[in-house]
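The values are calculated or read from the model by the stated rules, or taken from the named source; none is laboratory data. Because the structure is predicted, anything quoted here is derived from the model rather than measured. FYI the Cβ positions are ideal-geometry reconstructions off the backbone, even for glycines, and counts take in every protein chain you see. Side chains included, ligands, DNA and RNA excluded: accessible areas come from the protein's heavy atoms. Shrake-Rupley method; radii C 1.70, N 1.55, O 1.52, S 1.80 Å.
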Amino acid sequence: MTAPTAAPPRQKQDATARDGVRRAVTSRFQQFLAVAGLVAVFVFFSFASPHFLNYSNITSMLFSTVVIGTLALGATFVIVTGGIDLSVGTGMTLCAVMSGVMIVEWGLPVPVGVLGTLLFGGLVGLVNGLNVTFLGLPPFIATLAMMLVAQGLALVISGSAPIYFSEDSGYTGISTGSVIPGADFPNAVLIFAVAAVIGGVVLNKTLLGRYTYSIGSNEEATALSGIDVRKWKIIVYVVSGLFIGLAGVLISARLGSAQPATGMGYELQAIAAVVIGGTSLSGGKGSLTGTVIGALIISVLNNGLQITSVPQEWQNVILGCVIVAAVYADKARKRRAV
Amino acid sequence: MTRATTPPRPDRRRGRPARAATVLAAALSLLAAAALSGCSDAGTTAEGGEGRKPYIAIVSKGFQQQFWQAVKKGAEREAEKRGVTISFEGPATETEVEAQVNMVSNSLGRKPDALGLAALDSRAVEPMLKQAERRGTPVIAFDSGVDSDIPLTTAATDNRAAAAEAAEHMAEEVGGKGKVALVVHSQTSGSGVDRRDGFVEWMEKNAPGVELLPVQYGGGDQTKSADITKAIIASNPDVKGIYGSNEGSAMGVIQGVKESGRDDISTVGFDSGQGQINAIEEGRMAGAITQNPVRIGEQVVAAAVKAVKGEKLPETIDTGYYWYDKSNIDDPRIQEVLYR
């Protein structure tokens with residue numbers, strides 16, 4: 001399209017390549033904006049409080065990023081296809097409860113229980129995917145329904161009481177332990193980092209990733225080019241579900257218990273992280289690096305505002321303003337680019 | 001399309017320096033931040049020393065609820081009196097355990113001289129408590145006990161004694177004899193158990209004429225407690241009094257009695273809230289026990305200050321409670337502790 005029709009094939013190829021580079025450059029610019037934002041808040045709080053920049057506070061910030069961050073990774077996949085996943089928060093709670101059922105009540109070994117929880121998360125995603133594709137429900141509605149179902153089931157299955165993991169099962173070590181000797185660096189952060197890298201490889205280097213972007217930018221064209229859109233969409237929701245399961249393991253291991261009443265509201269924070277990271281809610285565009293940075297911005301802000309003793313009433317006001325600023329900067333950039 | 005008019009973009013090589021520049025910029029900013037933070041750290045220590053006010057970080061179970069705002073008010077008042085600075089935070093709802101853990105973690109990051117904590121879940125905050133212990137930061141528990149040896153003391157309502165007072169007023173209301181029912185909010189939480197046992201024990205000991213019906217549990221949910229109340233009245237039409245053990249239970253009891261079309265049943269409640277206050281003013285409820293959240297806040301700060309000075313603290317601090325009914329509801333001392 002971009003190349004003149006009369007152009008020789010070689011030139012056409014160049015044009016396509018150029019287009020690809022252009023996209024790479026713009027997406028890098030977007031990441032630059034997000035990184036710049038992160039650096040800006042980081043520098044600001046380092047000035048503002050003497051307690052901000054030290055090892056234990058930084059690990060504590062990273063630790064508090066893990067759960068929202070993991071949910072946001074999965075949500076990025078769905079949002080890139082132009083969908084939305086509102087079930088990530090309570091879905092995570094349901095997965096945490098299932099982990100408690102499998103490990104505490106059924107007495108399964110921890111690795112089996114963790115695997116089972118991840119698969120259960122995948123099942124939650126599968127149901128979302130089927131509802132979106134075969135029933136043709138809008139993703140907002142399908143996942144809203146799942147959000148409610150998961151919240152209810154978590155309470156039903158747990159009997160509305162927290163399920164405590166025994167101290168010696170080693171389950172809590174998944175999040176709070178430290179495999180780096182002597183570093184006191186929570187494992188959960190490492191797991192989150194590994195999950196982000198794997199997610200990044202899937203989104204950038206595999207067929208699934210390519211189709212995820214393709215469905216998001218033009219679903220009809222993707223279908224017309226012979227790709228089974230329904231199948232790939234279902235897989236995307238399952239991927240989101242696997243991240244939900246992982247978040248369920250990480251949060252319950254951190255708290256030492258599956259808390260059945262928590263989780264509501266996490267989905268909005270996850271979406272906020274995705275959006276701050278430059279992923280467009282209309283689909284087709286976004287990156288996991290951006291999402292990780294978005295999640296970091298949120299937790300750095302939360303931590304910094306608390307550490308500088310900003311009254312709690314104001315903390316959400318500021319967070320809201322940051323979202324507006326981040327998305328506006330993104331839009332303004334796009335206008336310039338076009 | 002517009003794309004056709006876009007000037008050709010710089011070639012591939014341009015991307016790399018851009019990314020390198022970003023990384024460089026980020027690294028430089030971090031370095032600068034590190035250096036500056038180092039300076040400001042030294043600055044604070046220098047001007048700190050003798051003259052610095054002790055700082056107490058308080059993390060509660062909630063924040064915007066009136067009860068916690070009253071705790072905050074008491075803490076701020078006491079802090080001013082004793083010349084210390086405090087911070088007061090809590091998660092949006094009492095189910096957000098992870099948010100609370102993050103808040104405790106962030107609070108410890110500010111290196112407080114003492115930490116006041118009302119834990120939503122004892123197990124979840126345990127690593128934080130251990131961290132505080134390692135750093136030698138004294139911990140004062142409040143509102144409900146923390147299942148750990150680390151807190152030096154717990155400032156909380158003596159729910160058992162408070163429930164006994166509710167029982168005493170109930171016995172008076174029913175004239176010392178007849179059937180009395182209990183709608184309790186939980187059979188597992190500490191407050192549910194104490195508010196049940198305190199009531200039952202007082203009745204058994206002091207009111208031989210009162211027959212207690214089997215205890216019912218409504219989870220503190222108003223609708224569920226109302227249904228339970230109606231069932232109790234249906235199966236025991238001669239019931240003379242019903243006790244609700246927290247705001248939701250008490251509201252349910254009031255509603256259940258009203259929906260059963262009865263006005264000859266005495267009700268006694270716990271905590272406050274607009275609905276209960278109205279019912280008491282209108283005579284639909286005999287009265288209720290209120291905790292003293294302002295005093296909880298005061299006592300947390302007072303105990304923390306003592307802990308910082310190394311003074312000895314009792315194992316528990318009773319923060320008191322009041323019985324309020326139509327006759328004393330306008331008393332300023334009562335008004336201060338009621339929340340709507």
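Kindly provide the set of residues from segment B:104-121 that are at the interface with chain A (Cβ under 9 Å from one of its Cβ atoms) and open to solvent by less than 30 Å² (accessible area, probe 1.4 Å), ordered by number.
From segment B:104-121, those at the interface with chain A (Cβ under 9 Å from one of its Cβ atoms) are B:105-111, B:120-121; that's our starting set.
Selection gives B:SER105, B:ASN106, B:SER107, B:LEU108, B:GLY109, B:ARG110, B:ASP121.
Determine if segment A:116-128 includes at least one residue that is under 28 Å from A:LEU62 (Cβ atoms), of a type in the set (Val, Ile, Thr) and under 19 Å from the mean Cα position of the chain (by Cα). Explain how you work it out, then say what you get.
Going residue by residue through segment A:116-128, those that are under 28 Å from A:LEU62 (Cβ atoms) are A:116-122, A:124-125.
From the residues that got through so far, the ones that are of a type in the set (Val, Ile, Thr) too are A:117, A:124.
Of the ones still in play, those that are also under 19 Å from the mean Cα position of the chain (by Cα) are A:117, A:124.
Looking for residues that are under 28 Å from A:LEU62 (Cβ atoms), of a type in the set (Val, Ile, Thr) and under 19 Å from the mean Cα position of the chain (by Cα), one finds at least one in segment A:116-128, hence yes.
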For B:SER189: the one exception among (1) open to solvent by 50 Å² or more (accessible area, probe 1.4 Å); (2) within 21 Å of B:THR290 (Cβ to Cβ): (1)
What pairs can you find where one residue is in segment A:153-170 and within 13 Å of another protein chain (Cβ to nearest Cβ) and without any contact (Cβ under 8 Å) to a residue 60 or more places away in the chain, the other is in a loop (DSSP other than H, G, I, E, B) and open to solvent by 40 Å² or more (accessible area, probe 1.4 Å), and their Cβ atoms are less than 6 Å apart, with a gap of 6+ or different chains? none
Complete set of residues in segment B:203-221 that are surrounded by fewer than 21 Cβ atoms within 10 Å (Cβ to Cβ) and of a type outside the set (A, V, I, L, M): B:GLU204, B:LYS205, B:ASN206, B:PRO208, B:GLY209, B:GLU211, B:PRO214, B:GLN216, B:TYR217, B:GLY219, B:ASP221
Of (1) farther than 20 Å from B:GLN131 by Cα; (2) at pLDDT 90 or above, B:ALA35 satisfies every one except (2)
For B:GLY198, the lone unmet condition from (1) modelled with pLDDT of 95 or more; (2) farther than 25 Å from B:THR154 by Cβ; (3) open to solvent by less than 40 Å² (accessible area, probe 1.4 Å) is (2)
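Can you find a residue in segment B:124-132 that is out of contact with any Asp or Glu (no Cβ under 6 Å at 6 or more places or on another chain), among the charged types (D, E, K, R), within 10 Å of chain A (Cβ to nearest Cβ) and farther than 27 Å from A:GLY89 by Cα?
Step one: filter segment B:124-132 for residues out of contact with any Asp or Glu (no Cβ under 6 Å at 6 or more places or on another chain), giving B:124-132.
Now narrow it down to the ones that are among the charged types (D, E, K, R): B:126, B:130.
Checking the rest, the ones that are also within 10 Å of chain A (Cβ to nearest Cβ) come to B:126.
Keeping just the survivors that are farther than 27 Å from A:GLY89 by Cα gives none.
There is no residue in segment B:124-132 that is out of contact with any Asp or Glu (no Cβ under 6 Å at 6 or more places or on another chain), among the charged types (D, E, K, R), within 10 Å of chain A (Cβ to nearest Cβ) and farther than 27 Å from A:GLY89 by Cα.
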When residues of segment A:223-235 are filtered for being open to solvent by less than 80 Å² (accessible area, probe 1.4 Å) and either touching a residue at least 12 places away in the same chain (Cβ under 8 Å) or closer than 10 Å to A:THR81 by Cβ (or both), how many remain? 6
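Hey, among B:ALA234, B:ALA226, B:ALA250, which residue is surrounded by fewer than 17 Cβ atoms within 10 Å (Cβ to Cβ), of a type outside the set (D, E, K, R) and under 24 Å from B:GLY283 (Cα atoms)? Working first, answer last.
Details: B:ALA226 fails: surrounded by fewer than 17 Cβ atoms within 10 Å (Cβ to Cβ); B:ALA250 fails: surrounded by fewer than 17 Cβ atoms within 10 Å (Cβ to Cβ).
Checking each option against the conditions leaves just B:ALA234.
So if I check each of A:PHE120, A:PHE77, A:PHE63, which one is within 23 Å of A:THR289 (Cα to Cα), more than 14 Å from every other protein chain (Cβ to nearest Cβ), among the aromatic types (Phe, Trp, Tyr) and assigned to a helix (DSSP H, G or I)? Break it down into steps so the answer makes sense when it comes.
Numbers: A:PHE120 fails: within 23 Å of A:THR289 (Cα to Cα); A:PHE63 fails: more than 14 Å from every other protein chain (Cβ to nearest Cβ).
A:PHE77 is the lone residue from the list that is within 23 Å of A:THR289 (Cα to Cα), more than 14 Å from every other protein chain (Cβ to nearest Cβ), among the aromatic types (Phe, Trp, Tyr) and assigned to a helix (DSSP H, G or I).
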If we scan segment A:65-83, do we find a residue that is open to solvent by less than 10 Å² (accessible area, probe 1.4 Å), over 23 Å from A:ALA188 (Cα atoms), out of contact with any strand residue (DSSP E or B) (no Cβ under 8 Å at 6 or more places or on another chain) and free of Cβ contacts under 8 Å to residues at least 60 places away in the same chain? no
It is to be established whether one or more residues within segment A:193-207 are among the basic types (Lys, Arg) and either in contact with a helix residue (DSSP H, G or I) (Cβ under 9 Å, 6 or more places away or on another chain) or within 30 Å of A:VAL104 (Cα to Cα) (or both). no
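Can you pull out the residues in segment A:35-60 that are in a helix (DSSP H, G or I) and not aliphatic (A, V, I, L, M)?
Narrowing segment A:35-60 to residues in a helix (DSSP H, G or I): A:35-48, A:55-60.
Residues satisfying the conditions are A:GLY37, A:PHE42, A:PHE44, A:PHE45, A:SER46, A:PHE47, A:TYR55, A:SER56, A:ASN57, A:THR59, A:SER60.
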Residue check: is B:GLY145 under 19 Å from B:THR319 (Cβ atoms), surrounded by fewer than 23 Cβ atoms within 10 Å (Cβ to Cβ) and within 13 Å of chain A (Cβ to nearest Cβ)? no
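Return the residue satisfying two criteria in turn: it lies in segment A:236-266 and is modelled with pLDDT of 95 or more and open to solvent by 10 Å² or more (accessible area, probe 1.4 Å), and of such residues it is nearest to the other protein chains (Cβ to nearest Cβ). If you could, list the steps in order and put the result at the bottom.
To start, the set of residues in segment A:236-266 that are modelled with pLDDT of 95 or more comprises A:236-250.
Applying the additional criterion that residues be open to solvent by 10 Å² or more (accessible area, probe 1.4 Å) yields A:238-239, A:242-243, A:246.
Values: A:VAL238: 25, A:VAL239: 23, A:LEU242: 20, A:PHE243: 17, A:LEU246: 15 Å.
Here the residue is A:LEU246.
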In the set A:ALA332, A:ALA326, A:ALA270, which member is more than 12 Å from chain B (Cβ to nearest Cβ) and without any contact (Cβ under 8 Å) to a residue 40 or more places away in the chain? A:ALA332
Which one of the conditions (1) touching a residue at least 60 places away in the same chain (Cβ under 8 Å); (2) open to solvent by less than 40 Å² (accessible area, probe 1.4 Å); (3) under 21 Å from B:ASN278 (Cα atoms); (4) of a type outside the set (A, V, I, L, M, F, W, C) does B:GLU173 fail to meet, given that it meets all the rest? (2)
